[in-house]
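Heads up, the thing below is written out as structure tokens.
The values are calculated or read from the model by the stated rules, or taken from the named source; none is laboratory data. Note that the coordinates shown come from a computational prediction; the quantities given were computed from them, not determined experimentally. Heads up, the Cβs are rebuilt from the backbone with ideal geometry, glycines too, and the neighbour counts pull from every protein chain shown. Accessible surface areas use protein heavy atoms only, side chains included; no ligands, DNA or RNA. Shrake-Rupley method; radii C 1.70, N 1.55, O 1.52, S 1.80 Å.
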Amino acid sequence: MSDAMNNPANSLLVQDARTAKRNAAEKRFRFFGIAAITTGLVFLVILLTAIFSNGTGAFQQTFLTVPVHLDEAKLDKAGNRDIEDIKKVSTFGYNPLIQQAVFDMVQAQGIETPFTKRGDMKALISASAAAQLRDEVIANPDLIGQTIEFRVLATSRVDGYLKGRVTRESVERDKNIDAEHFDLVDGLRDAGIVKKSFNWDFITGADASESRPEQAGMGVAMVGSFFMMLVVLLCALPIGVAASIYLEEFAPQNRWTDLIEVNISNLAAVPSIVFGILGLAVFIQFAHLPQSAPLVGGLVLTLMTLPTIIISTRASLKAVPPSIRDAALGVGASKMQSVFHHVLPLAMPGILTGTIIGLAQALGETAPLLLIGMVGYIASDMPDGFLGGFLDPNSAMPAQIYEWAKRADPAYYERAWGGIIILLMFLMTMNIIAVILRRRFERRW
């Protein structure tokens, strides 16, 4: 006792060199952990800022609101309002009417411009405007002969100019538009003829050709992704859960089950494009299922998702204490009853979480869809009925984003970022559902 008091270095109240070194190492570890979390949050903020700053413009579009005179001499020469005769007038017959309407508005507003012909207005009006007018006239032939106010899309150049994506300097070599057109756009904007508004067609519409980027939308691709995820859910969930229950609770431990478990673990690490090659060979070339259909895409993604669901489900079943099984068997329950009445309900939160994580991973996959043709198809309309949602050719959200990102027009680049925002909303919704279901089915023991 006297030695310890005489030698403070050996006292419990004084840190020795080893303790100080250990405490310093612990502080460094905490610092590195905080630095890692901070770095991750910084990059997350940068990523979200880039996505929303580049993609929010896709949810706004530039429109022209002009009164168009539906000249009877051009749209219904016979004057009998025969729908078959009206359908014979192509979109080329409607283009002069829209161009004349814009030119008349320029003259009426007194906007100074070097353009003296109605054809000069073509650079301001989307190529989809004529089809829009034609569809309206075919649906309501009585409009012929009247002057009706229409709201039509402006071209992607005009839209980009108002959003700051296109400048006067950047169009010096552009054959479609020039700086004088932008002077005219400024005048039309001041007059309230040209304005930006929320673009519902981006959410509900279909893809468009490269000449009409202002008309492209994500709606049909969203429907394709929905039906594709429905196939994945209906196929992967029952098969994956059933396989997991058998392997974890009923399968004997031998070489065959060991081989199956190793293969499942290996399949979880296989690149997704390999599953696309497998789906192309089996479902399209061998089974002759329709190409580019959500049914085929869903089956391919089912193969890719199954290992993830099986692994997560087995982990959830294994996390249930053995005492639950023993207690059920002790009171006379069969093996089947103990699993389905006691073990499975307790493992359900983890099973649902793993399933939704697997679905979220499948929702963002593009590589397998490249192999089955879902990336290059431009769907012009919604599927025909519920069955058509599975069998009609369509695209999916990640494939649509990929298709837009590789196109030359900057308007498609903006839409690619906007599509990413919609895809993130889908993923957030799925994760929120996972949290709600987990808390709904969670039980404590």
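Under 30 Å from Ile422 (Cα atoms) and not basic (Lys, Arg): which single residue out of Thr147, Thr113, Thr167 fits that description?
Thr167
Could you pull out the residue among Thr155, Thr113 that is touching a Gly at 6+ places or on another chain (Cβ under 9 Å), open to solvent by less than 50 Å² (accessible area, probe 1.4 Å) and hydroxyl-bearing (Ser, Thr, Tyr)?
None of the others qualify; the one that does is Thr113.
Among the residues of the range 366-393 satisfying the criterion of being under 20 Å from Leu278 (Cα atoms) and not in a helix (DSSP H, G or I), which is modelled with the lowest pLDDT?
Checked the range 366-393; the qualifying residue modelled with the lowest pLDDT is Gly376.
Of all residues in the range 155-199, which are of a type outside the set (Asp, Glu), under 27 Å from the mean Cα position of the chain (by Cα) and either in a helix (DSSP H, G or I) or under 17 Å from Ile98 (Cβ atoms) (or both)?
Taking the range 155-199 and keeping what is of a type outside the set (Asp, Glu), we get 155-158, 160-168, 170-171, 173, 175-177, 179, 181-182, 184-185, 187-189, 191-199.
Within this subset, residues satisfying the condition of being under 27 Å from the mean Cα position of the chain (by Cα) are 155-158, 160-166, 196-199.
Listed by number, the residues that qualify are Thr155, Ser156, Arg157, Val158, Gly160, Tyr161, Leu162, Lys163.
Criterion first (under 30 Å from Tyr412 (Cβ atoms), open to solvent by 20 Å² or more (accessible area, probe 1.4 Å) and part of a helix (DSSP H, G or I)) does Leu237 satisfy it?
For Leu237, the condition - under 30 Å from Tyr412 (Cβ atoms), open to solvent by 20 Å² or more (accessible area, probe 1.4 Å) and part of a helix (DSSP H, G or I) - is not met.
For the range 255-297, which residues satisfy the criterion of being among the small types (Gly, Ala, Ser), touching a residue at least 24 places away in the same chain (Cβ under 8 Å), part of a helix (DSSP H, G or I) and more than 21 Å from Met397 (Cα to Cα)?
Ser265
Out of the residues in the range 240-279 that are open to solvent by less than 20 Å² (accessible area, probe 1.4 Å) and among the hydroxyl-bearing types (Ser, Thr, Tyr), which is nearest to the chain's Cα centre (by Cα)?
Ser244
When you go through (1) of a type in the set (Val, Ile, Thr); (2) open to solvent by 20 Å² or more (accessible area, probe 1.4 Å); (3) at pLDDT 90 or above one by one for Val331, which number turns out not to apply?
Going through the list (1) of a type in the set (Val, Ile, Thr); (2) open to solvent by 20 Å² or more (accessible area, probe 1.4 Å); (3) at pLDDT 90 or above, Val331 breaks only (3).
One line per residue, one yes/no per condition, for (1) in contact (Cβ under 8 Å) with a residue 24 or more places away in the chain; (2) closer than 23 Å to Ile309 by Cα; (3) touching a strand residue (DSSP E or B) at 6+ places or on another chain (Cβ under 9 Å); (4) surrounded by fewer than 20 Cβ atoms within 10 Å (Cβ to Cβ):
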residue	(1), (2), (3), (4)
Ile357	yes, yes, no, yes
Gly364	yes, yes, no, yes
Leu387	no, no, no, yes
Tyr402	yes, no, no, yes
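If the requirement is being open to solvent by 50 Å² or more (accessible area, probe 1.4 Å), touching a residue at least 60 places away in the same chain (Cβ under 8 Å), closer than 13 Å to Pro294 by Cα and not polar (S, T, N, Q), which of these qualifies: Leu369, Leu391? Quick ask: steps written out before the conclusion?
Values: Leu369 fails: open to solvent by 50 Å² or more (accessible area, probe 1.4 Å).
It is Leu391.
Among (1) within 37 Å of the chain's Cα centre (by Cα); (2) closer than 23 Å to Ser156 by Cβ; (3) touching a residue at least 40 places away in the same chain (Cβ under 8 Å); (4) assigned to a helix (DSSP H, G or I), there is one condition Ile138 misses while meeting the rest; what is its number?
(2)
Of Gly79, Gly40, Gly57, which residue is of a type in the set (Gly, Ala, Ser), closer than 30 Å to Leu423 by Cα and touching an Asp or Glu at 6+ places or on another chain (Cβ under 8 Å)?
The conditions single out Gly57.
Give Asp186, Asp174 a once-over and let me know the one that is without any contact (Cβ under 8 Å) to a residue 12 or more places away in the chain and surrounded by fewer than 15 Cβ atoms within 10 Å (Cβ to Cβ).
From the options Asp186, Asp174, the qualifying one is Asp186.
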